[in-house]
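The values are calculated or read from the model by the stated rules, or taken from the named source; none is laboratory data. What you see is a predicted model, and the numbers here were worked out from it, not measured in a lab. Cβ placement follows ideal geometry from the backbone for every residue including glycine, while neighbour counts extend to all protein chains displayed.
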Amino acid sequence: MSMLQLVRHANRYREILSVLVKFGFKEFFEDAKLDLLLEKGQRIFFKATATSVATVSRPARLRLALEELGPTFIKLGQILSTRPDLLPPEYIEELQKLQADVPAVEWPKIKAQLEEDLGDLAEIFESIDEVPMAAASMAQAHRAVLRDGSQPIVLKVLRPGIDRIVNADVEILEAVAEWVSRHATNLPMDPIAVVAEFSEAIGHELNFLHEGRNTDLFRANLEEGEQAWFPLVYWDITRRRVLGLEGIKGVLLSKWREAKLTDDQRETLVRNGAYTVLRQVLDIGFFHADPHPGNLFLLDDGRLCFIDCGMAGRVDKETVTDLANLIHGVASSDIDKLYDAFIALGQVDEDSINRRGVRKDLQSFLDEFTGISFDKLDMGAMLRTFTEGLRKHHIQCPADIVLMIKALTTIEGVAEDIDPDFDLVGFAKPHVERLIKQQYSWRAIQNRIKRNAGKWVTLSDRLPGRLTTLLDRIGSSKFRIGLEMDGVESMERTVYHSSRQISYSVLIASMILASAVLVLASSRGGSTTLGWIGFIGFIVSFFMALLIVLENVWAKLQARKHNRR
């Protein structure tokens with residue numbers, strides 16, 4: 001963190017610290033020494049008026065603080081609410097309540113920004129509804145009609161100036177994350193990695209071109225006859241700060257009860273939604289990561305329309321196969337398959353974990369589902385238990401895998417709400433079994449052989465030359481083995497320092513002894529010159545001993561600094 005950043009954002013630092021202390025997080029900031037970010041920062045703590053927090057839980061206080069801090073922190077909380085591998089369930093549940101609804105920006109400001117991006121609005125639009133149909137912390141949506149007389153569209157407009165506010169807050173978060181990682185201990189997550197992930201996610205939120213591309217790609221991936229839809233994107237009027245989308249007419253799924261859907265409609269609706277999400281996750285590997293009822297419309301023709309495609313995830317075939325192995329391992333009570341899937345999905349370095357502890361917890365996890373048929377598995381409960389296991393063993397799951405789990409559990413929650421008899425795992429069974437069988441099919445084996453053929457050819461081409469060089473070096477006694485071991489460099493420095501200190505100590509002791517002999521000889525009638533030499537020897541010995549003490553202090557400070565790094 002540069003001094004320029006600290007000065008430029010001093011007021012915002014003060015505001016952030018004050019709000020968080022106000023909601024009862026003083027101890028954390030003192031432990032992490034965040035108060036030292038500002039000159040006389042301790043005064044913040046004494047001036048801040050604490051909210052009555054005696055009856056409010058800590059997760060609720062965190063949510064209230066994030067809401068008070070504004071759009072950037074609301075979005076941070078919303079993203080953290082998708083990370084059960086990082087936060088306990090009570091925090092996840094509370095952060096999911098974060099409200100991004102805010103008063104709309106006045107039309108003159110929105111109009112000025114639209115004119116800056118699109119030019120003369122009268123030449124493009126027949127009309128624009130000045131009252132927004134929805135307003136959130138990052139953007140607001142207005143109905144509009146194009147000049148060419150086409151159907152009504154929706155203009156999604158970024159709030160004026162929000163990118164400047166968010167970028168400043170992200171810069172502060174990056175500096176604070178770096179500071180906290182150096183000064184706080186026993187953190188449940190890597191703050192630098194979390195902020196980096198957040199920075200990328202919110203960067204996409206601030207660029208509607210990204211959402212437009214996602215929407216087009218989702219629609220292009222629809223198969224013939226699939227009962228799903230994604231809005232058309234009007235690229236002629238789409239820019240970084242404005243997105244033109246097809247106007248959607250239908251029933252918002254969050255209001256399905258008011259629509260009084262029949263049992264058949266509800267069953268069809270749930271099957272269409274589940275099929276689309278499962279196909280995106282398990283077949284395509286590119287999926288809508290937030291299919292909650294507020295982002296789903298039931299169209300008049302029975303299709304299910306997904307909106308708000310800014311949050312999307314990508315997973316490769318190997319990851320999808322690992323998920324299938326996880327589900328199949330639970331259903332078949334296969335601890336080895338479950339352990340391998342857990343390690344693969346979490347991208348875990350086995351040397352960094354307690355393998356016996358992980359297997360023990362996985363066996364307990366397996367016992368919860370033992371005796372339950374494949375069709376009766378609760379996918380949501382199973383995946384939540386999986387992420388709790390990651391968090392318990394301090395394993396930070398890759399973001400896209402967490403998004404995949406979030407998409408599956410979200411659509412399962414929607415299905416249970418609309419049609420309680422719907423079984424997502426049973427519905428997904430053919431997909432999962434097909435993925436398992438594909439691993440051992442002749443086509444899969446052929447593909448693996450083709451994928452690795454080039455590597456084998458390269459190896460066979462290089463191996464004779466490398467082997468000849470190795471044998472030549474062994475024959476000429478020039479063969480060397482280099483080993484790199486963690487801590488050897490530190491041990492070498494310690495041994496060198498200790499041996500040098502011992503040598504100096506022996507030298508000083510010898511000088512002191514010799515000087516004492518000379519002074520004693522002078523006091524018993526010897527030459528006064530011997531006494532002066534002995535005295536000088538004492539002085540030199542004293543300064544050498546002092547230098548050794550100072551060097552030891554300096555070495556300890558350097559070692560402490562090195563350990564922090």
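At a glance:
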item: Filter result for MET138 (at pLDDT 85 or above, exposed (fewer than 15 other Cβ atoms within 10 Å of the Cβ) and under 30 Å from GLY413 (Cα atoms)); result: no
item: One residue from THR215, THR238, THR276, THR268 being more than 30 Å from the chain's Cα centre (by Cα) and of a type in the set (Ser, Thr, Tyr); result: THR268
item: Which listed residue, of ARG164, ARG182, is out of contact with any helix residue (DSSP H, G or I) (no Cβ under 7 Å at 6 or more places or on another chain) and part of a helix (DSSP H, G or I); result: ARG164
item: Failed criterion for SER254 (all others in (1) touching a Pro at 6+ places or on another chain (Cβ under 7 Å); (2) in the same structural domain as PHE306 (by TED's automatic domain parsing); (3) modelled with pLDDT of 90 or more hold); result: (3)
item: Failed criterion for TYR275 (all others in (1) among the aromatic types (Phe, Trp, Tyr); (2) surrounded by fewer than 22 Cβ atoms within 10 Å (Cβ to Cβ); (3) outside any helix (DSSP H, G or I) hold); result: (3)
item: Subset of region 528-554 (residues that are under 19 Å from SER499 (Cα atoms) and of a type in the set (A, V, I, L, M)); result: MET544, ALA545, LEU546, LEU547, ILE548, VAL549, LEU550, VAL553
item: Residue within region 279-302 that is assigned to a strand (DSSP E or B), under 24 Å from GLU416 (Cβ atoms), of a type in the set (Gly, Ala, Ser) and in contact with a helix residue (DSSP H, G or I) (Cβ under 9 Å, 6 or more places away or on another chain) present; result: no
item: Filter pass, GLY313 being closer than 13 Å to GLY273 by Cα and among the small types (Gly, Ala, Ser); result: no
item: Unmet criterion (only one of (1) at pLDDT 75 or above; (2) not in a loop (DSSP other than H, G, I, E, B)) for LEU435; result: (1)
item: Residue within region 474-496 that is at pLDDT below 75, in a helix (DSSP H, G or I), among the aromatic types (Phe, Trp, Tyr) and within 48 Å of the chain's Cα centre (by Cα) present; result: yes
item: Residues (closer than 17 Å to THR409 by Cα and buried (at least 19 other Cβ atoms within 10 Å of the Cβ)) located in region 95-119; result: LEU95
item: Counted residues, region 66-92 - those being crowded, with 20+ Cβ neighbours inside 10 Å, touching a Gly at 6+ places or on another chain (Cβ under 9 Å) and assigned to a helix (DSSP H, G or I); result: 1
item: Residue list for region 198-240, filter: assigned to a loop (DSSP other than H, G, I, E, B), over 30 Å from ARG164 (Cα atoms) and of a type in the set (A, V, I, L, M); result: LEU222
item: Members of region 202-229 found to be over 9 Å from CYS309 (Cβ atoms) and surrounded by fewer than 15 Cβ atoms within 10 Å (Cβ to Cβ), listed by number; result: GLY203, ALA220, GLU223, GLU224, GLY225, GLU226
item: Pair list, Cβ under 8 Å, 6 or more apart: region 502-519 residue farther than 17 Å from GLU551 by Cβ, other residue part of a helix (DSSP H, G or I) and of a type in the set (Ser, Thr, Tyr); result: MET511/SER541; ILE512/SER541; SER515/SER541
item: Subset tally (residues that are under 35 Å from the mean Cα position of the chain (by Cα) and either closer than 20 Å to TYR234 by Cβ or polar (S, T, N, Q) (or both)) for region 119-137; result: 4
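Condition check ((1) under 24 Å from HIS204 (Cβ atoms); (2) of a type outside the set (A, V, I, L, M, F, W, C)) across all residues:
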{"site": "LEU232", "(1), (2)": "yes, no"}
{"site": "ASP236", "(1), (2)": "yes, yes"}
{"site": "ARG240", "(1), (2)": "yes, yes"}
{"site": "LEU243", "(1), (2)": "yes, no"}
{"site": "GLU246", "(1), (2)": "yes, yes"}
{"site": "ARG257", "(1), (2)": "no, yes"}
{"site": "GLY273", "(1), (2)": "yes, yes"}
{"site": "GLY285", "(1), (2)": "yes, yes"}
{"site": "PRO291", "(1), (2)": "yes, yes"}
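The rows are residues; the columns are (1) of a type in the set (D, E, K, R); (2) modelled with pLDDT under 85; (3) closer than 23 Å to ASN167 by Cβ; (4) not in a loop (DSSP other than H, G, I, E, B).
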residue	(1), (2), (3), (4)
LEU64	no, no, no, yes
GLU94	yes, no, no, yes
LEU98	no, yes, yes, no
ALA104	no, no, yes, no
LYS109	yes, no, yes, yes
PRO132	no, no, no, no
